[in-house]
Amino acid sequence: DFPPVAPWPNPIKNVYKYDTDGNLTVFASGFLSPNGIGINSQNEIYICDHYGNLIKKYSDDGTLLQTFDGGLFATPAGIKPIPNSLDMLVVEYAATSGETAYVANYNDRKIFSLINNNLIEIAQVPSNSNPNSDFLGFLTSANGQLYATHIGLGQLFTVDPDNGSVAVYAGSVPGSDDGAIATATFSSPNGITYDALHDKMY
């Protein structure tokens, strides 16, 4: 079932740390729904609070260094360091208020629109018939289209949110060939995001 709108029934959620001996300790607490974690080149740890609509930055000993909120994010779901920079790249799970949000299921590869807290199925990414890798990775949007990765097929798909049509955008067979979008191949593609400022897909 789709998770309820915040606040969650139990608002105290933790982020845990395993040491090299396998011991488990609480690294940080007090989140509504901690999700993506990213670490920059200075070992500063960023944690997305998904339904808290904020991101917190910690030192590697668990000291809170900074909180980024104030309406900057709409349900942040993933964060990664940008190479050769201290900047971080953040993915928002849902659209901002007043727009349609889209949700993708990992296991059955179905994609839904979320309108007024109602889920409506609009499409399903094709299957590779292998239960160990038949998964949809992440979903992003650009220029009125949705883009989704299929981990096992090694392909990226476009989805038209208006009519639900699905088409291969990139990838043929799993591989690791660089090149033009028509010939490049991918090995277990998962995360995907769009940079609107530079019109580039990562």
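The values are calculated or read from the model by the stated rules, or taken from the named source; none is laboratory data. None of the values given here were measured: they were computed from a predicted structure. Positions of Cβ are generated from backbone atoms using ideal geometry, with glycine treated the same way; all protein chains shown enter the neighbour counts. In case anyone asks, the SASA skips ligands and DNA or RNA and just uses the protein heavy atoms, side chains included. Shrake-Rupley method; radii C 1.70, N 1.55, O 1.52, S 1.80 Å.
In table form, for the structure just shown:
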{"quantity": "Extreme residue, nearest to residue 154 (Cα to Cα), among residues of region 100-125 that are β-branched (Val, Ile, Thr) and at pLDDT 80 or above", "calculated": "125"}
{"quantity": "Enumeration of residues in region 159-198 that are farther than 20 Å from residue 123 by Cα and either surrounded by 14 or more Cβ atoms within 10 Å (Cβ to Cβ) or β-branched (Val, Ile, Thr) (or both)", "calculated": "172, 173, 174, 181, 183, 184, 185, 186, 188, 194"}
{"quantity": "Tabulated pairs, region 67-88, first among the aromatic types (Phe, Trp, Tyr), second at pLDDT below 80 and open to solvent by 40 Å² or more (accessible area, probe 1.4 Å), C-beta under 8 angstrom, 6+ apart or interchain", "calculated": "73/92"}
{"quantity": "Candidates 79, 47, 55, filtered to the one that is modelled with pLDDT under 90 and not in a loop (DSSP other than H, G, I, E, B)", "calculated": "79"}
{"quantity": "Matching residues in region 7-36 - criterion: being under 16 Å from residue 74 (Cα atoms) and either surrounded by 13 or more Cβ atoms within 10 Å (Cβ to Cβ) or at pLDDT 90 or above (or both)", "calculated": "31, 32, 33, 34, 35, 36"}
{"quantity": "Region 58-76, subset touching a Leu at 6+ places or on another chain (Cβ under 9 Å) and of a type in the set (S, T, N, Q), residue modelled with the lowest pLDDT", "calculated": "67"}
{"quantity": "Answer residue from region 123-140, given it is closer than 17 Å to residue 190 by Cβ and assigned to a strand (DSSP E or B) and is least open to solvent (accessible area, probe 1.4 Å) among those", "calculated": "136"}
{"quantity": "Any chance residue 97 is polar (S, T, N, Q), over 29 Å from residue 68 (Cβ atoms), part of a loop (DSSP other than H, G, I, E, B) and modelled with pLDDT under 95", "calculated": "no"}
{"quantity": "Residue in region 145-155 that is buried (at least 20 other Cβ atoms within 10 Å of the Cβ), small (Gly, Ala, Ser) and assigned to a strand (DSSP E or B) present", "calculated": "yes"}
